[in-house]
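Structure record follows, encoded as structure tokens.
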Amino acid sequence: MSAKWSLMFLLSLLIIAGCSLTAQADYLLEELPYLHNSVVAVASVLNNGRDQIISGLGNELRIYDQGVLIGTITGFAGNVTAVAAGDLTGDFRPEIIIGTDNFNFYVYQHVQGTWRQVVERRYLWSPVVRLLVADITGNGWGDVVVLTERGEAFVYLGWDGELDLFWRSQPNANVKYVCAGDLDGNGGDEVIYAYHSGYVGVLGWMDGQLELLWQNYPWGTIDSVFLAETRLGELPELVVVTGQNIFYAWRYNGESLSTVRHFPAEFDGRVIKFLPELGIVNMSGRSGVSRYTIGTSSLNHVESLPLFSVQDLIPTNGGYLVKETDGSYYRLHQVDPETIEIRYNSKTLSGSIEAKLYNGRVFLDLDGLASALSLIRFGSQRIFLISGLNYMVIDPGSSMVTWRNMKLPLMENVLVEDRKFYLPLSLLPVLGYESEYDYESHMLTIRRTWGWWW
């Protein structure tokens, strides 16, 4: 992906400069602008062995394969508010389910190169906020679980290519979370639903009916509900985290769900989920993205990444999509900063410029960069970059750079470590250069533009 910035774009953004570099990370964030403000799901809807990104924005849904747009779905009423995918017809081909703000959900199937609506739309009396596909009966036909904006949950079972409503939550119950998974190992998925006010119920298929199999009343409001596979080959645990900072976990014991963990666990972020490769992940605006493993009587902190605006992490193709609170999406890349090759004017500068990674971005040391670009660097508090008779001032205290008494806000932080400055790539256009980072080869190329301030 090209990481280019224009001056007009920089002038439209405001950032605080001069923060301390307190942590480093071995990852980069590749921005995916075509997903901005979208509702996103990930699934192998083409059955080609890899995941596609399903992106809904407004009244259009787009399917991307390796960043290339390969399909579009339109014609449904309302704006997309939820997306899911799964095999609802038993033909081993995933369908796409679209929920909208006009109280409906739709099912589309890929037929002869186009996406066609294959099931009559269903009306839900409120905007759809979450969709799940699960095999509740274990018959190989996918079923659909729906959660609406006003807190109503619905279960539609798949029969011969049709979806029939089999269960609906009590009116005004205010369902906050729904999830699904095979808790007892019988091949069919159970449906877990939780009220905001301290209630968790499990629905399962029994004797040809959808029955309430188990319920519990954890202490406090429900802040998170998810399934966690703590050990390979064992049944998953049903995990609940409450507003009283209590961590509950139950596992099927052959007859019912029994308590396997119950201990205090305080998170400073309220977005908590389980990811198989990472463990429990807490997303916080204060501590970033923190990982934990589950112990018998406590959670064990593994690491924290300085990503402070993350709203969700979505596994895909062996990696992760990162959704930020402003609606931006990124692809997370694992990178060793020492392997980044820096080139300017066809010359390799990797040995003379130190690259650091912070908050998913590349930063270059000021002294090495100034030398490579033939700039004179002067000052330790206010930093002057001089070229001929012109100069630019980097003043961390004012959160700006100055050129001819013109204040220019920056897009990213200027980092400081042991009194050494590291400049973000987004500063380069202000200096008259552009940068492009290749996420496959890890090559950073710097080019001179028209040099507007020289």
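Express the relative contact order of region 142-282 as a whole percentage, based on alpha carbon pairs under 8 Å and six or more residues apart in sequence. Walk me through the intermediate numbers first.
Values: 308 pairs, mean separation 18.9, N = 141.
Computed over region 142-282, the figure is 13 percent.
What size of dipole, in debye to the nearest 20, comes out for region 178-237 about its Cα centre when the only charges are +1 on Lys and Arg C-beta atoms and -1 on Asp and Glu C-beta atoms?
Details: 1 positive and 10 negative charges, 40 e Å.
Dipole of region 178-237, to the nearest 20 debye: 200 debye.
With a 1.4 Å probe and all protein chains left in place, how much of the accessible area of region 338-451 comes from carbon and sulfur atoms, in whole percent? Walk me through the intermediate numbers first.
Working: 2590 of 5430 Å².
Heavy-atom surface of region 338-451 belonging to carbon and sulfur, 1.4 Å probe: 48 percent.
The list [x] 195; [y] 120; [z] 170 gives values of volume of the Cα convex hull per residue in Å³, and only one came from this structure; which label was calculated from it?
Given [x] 195; [y] 120; [z] 170, the calculated one carries the label [z].
Loop only per DSSP, at most 11 neighbouring Cβ atoms within 10 Å: give me the GluC sites (Glu not before Pro) in region 233-272, ordered by residue number.
On the way: sites: 234, 237, 255, 266; in loops: 234, 255, 266.
Loop-located and lightly packed - 234, 255, 266.
Treating region 292-371 as a set of equal point scatterers at the Cα positions, no solvent, please give the Debye-formula log₁₀ I(q)/I(0) at q = 0.22 Å⁻¹.
Values returned for q = 0.22 Å⁻¹ are -1.07.
If you bin every alpha carbon distance in region 56-150 into 5 Å steps from zero, what whole percent lands in each bin?
For region 56-150, the pair-distance distribution reads 3, 14, 25, 24, 19, 11, 4, 0.
Amide H neighbours of residue 130 under 5 Å, counting only residues 5+ apart in sequence or on other chains, H built in-plane at 1.01 Å?
For residue 130, the qualifying residues are 147.
What percentage of the solvent-accessible surface of region 89-240, computed with a 1.4 Å probe over protein heavy atoms, is contributed by carbon and sulfur atoms? Mind showing how you got there, number by number?
Details: 3170 of 6770 Å².
Looking at region 89-240 in its full context, I get 47 percent from C and S.
Can you give me the orientation-averaged projected area of the convex hull built on the Cα atoms of region 138-270, in nm²? Please list the in-between numbers first.
Values: hull surface 35.3 nm².
For region 138-270, averaging the hull's shadow over all directions gives 8.8 nm².
To the nearest 10 square angstrom, how much accessible area does residue 190 have with a 1.4 angstrom probe?
Counting only protein heavy atoms, the figure is 10 Å².
Just the accessible area per residue of the chain, please: how many Å² with a 1.4 Å probe?
Computed with neighbouring chains in place, this is 46 Å² per residue.
In nm², what is the average projected area of the convex hull enclosing the Cα atoms of region 246-288? List each step's numbers first, then the result.
Values: hull surface 15.4 nm².
Mean orientational projected area (region 246-288, Cα hull): 3.9 nm².
Could you give the length gained on full extension between residue 402 and residue 300, defined as 0.36 nm per residue of separation minus the Cα-Cα distance, in nm? Kindly include the intermediate steps, with their values, before the conclusion.
Numbers: separation 102, 0.36 × 102 = 36.72 nm, distance 4.65 nm.
Stretched fully, the residue 402-residue 300 segment lengthens by 32.1 nm.
Once a ≥ b ≥ c are taken as the square roots of the eigenvalues of the Cα gyration tensor of region 346-428, is the result rounded (a/c under 1.5), prolate (a/b larger than b/c) or oblate (a/b not larger than b/c)? Mind dumping the intermediate values first?
Working: a/c = 1.68, a/b = 1.19, b/c = 1.42.
The shape class here is oblate.
Ordering 219, 205, 125, 214 by how much accessible area each has at a 1.4 Å probe, largest first, what is the list? Before the final figure, lay out each step's value.
Values: 219 155, 205 65, 125 110, 214 30 Å².
These residues rank, largest area first, as 219, 125, 205, 214.
Restricting attention to region 334-425, which trypsin sites (Lys or Arg not before Pro) occupy a DSSP loop and are surrounded by at most 11 other Cβ atoms within 10 Å?
On the way: sites: 343, 347, 356, 361, 377, 382, 404, 407, 419, 420; in loops: 382, 404, 419.
Sparse-neighbourhood loop trypsin sites (Lys or Arg not before Pro): 404, 419.
Is the shape of region 245-389 rounded, prolate or oblate, going by the alpha carbon gyration tensor and its root eigenvalues a ≥ b ≥ c, with a/c under 1.5 for rounded and a/b larger than b/c for prolate?
On the way: a/c = 3.45, a/b = 2.69, b/c = 1.28.
It comes out prolate by the Cα gyration axes.
In terms of modelled amide H atoms, which long-range or inter-chain residues lie less than 5 Å from the amide H of residue 180?
Residues meeting the amide H criterion: 192.
Whole angstrom only: what separates the Cα centroid of region 163-185 from the Cα centroid of region 187-251?
11
Using the alpha-carbon centroid of each, what span in Å lies between region 38-102 and region 276-294?
For region 38-102 versus region 276-294, the Cα centre distance is 28 Å.
Mind listing the long-range amide H neighbours of residue 260? Cut-off is under 5 Å, sequence gap 5 or more, other chains count too, H placed in the peptide plane at 1.01 Å from N.
Under 5 Å from the amide H of residue 260 lie the amide H atoms of 249, 250, 251, each far enough along the sequence or on another chain.
Just how large is the dipole of the chain about the Cα centre, in debye to the nearest 20, putting +1 at every Lys and Arg Cβ and -1 at every Asp and Glu Cβ? Could the numbers behind the result be given before it?
Details: 32 positive and 50 negative charges, 394 e Å.
In debye, rounded to 20, the chain gives about 1900.
Tell me, what is the FRET efficiency for residue 325 and residue 378 to the nearest 0.05, using R0 = 41 angstrom and their Cβ-Cβ distance as r?
Working: r = 39 Å, r/R0 = 0.95.
Once the sixth-power term is evaluated, E becomes 0.60.
The values are calculated or read from the model by the stated rules, or taken from the named source; none is laboratory data. Since we're looking at a predicted model, the values are computed, not measured. A quick note on method: Cβ atoms are made from the backbone with ideal geometry, for glycine too, and the neighbour counts reach across all protein chains shown. Ligands, DNA and RNA are excluded from the accessible area calculation, which covers all protein heavy atoms including side chains. Shrake-Rupley method; radii C 1.70, N 1.55, O 1.52, S 1.80 Å.
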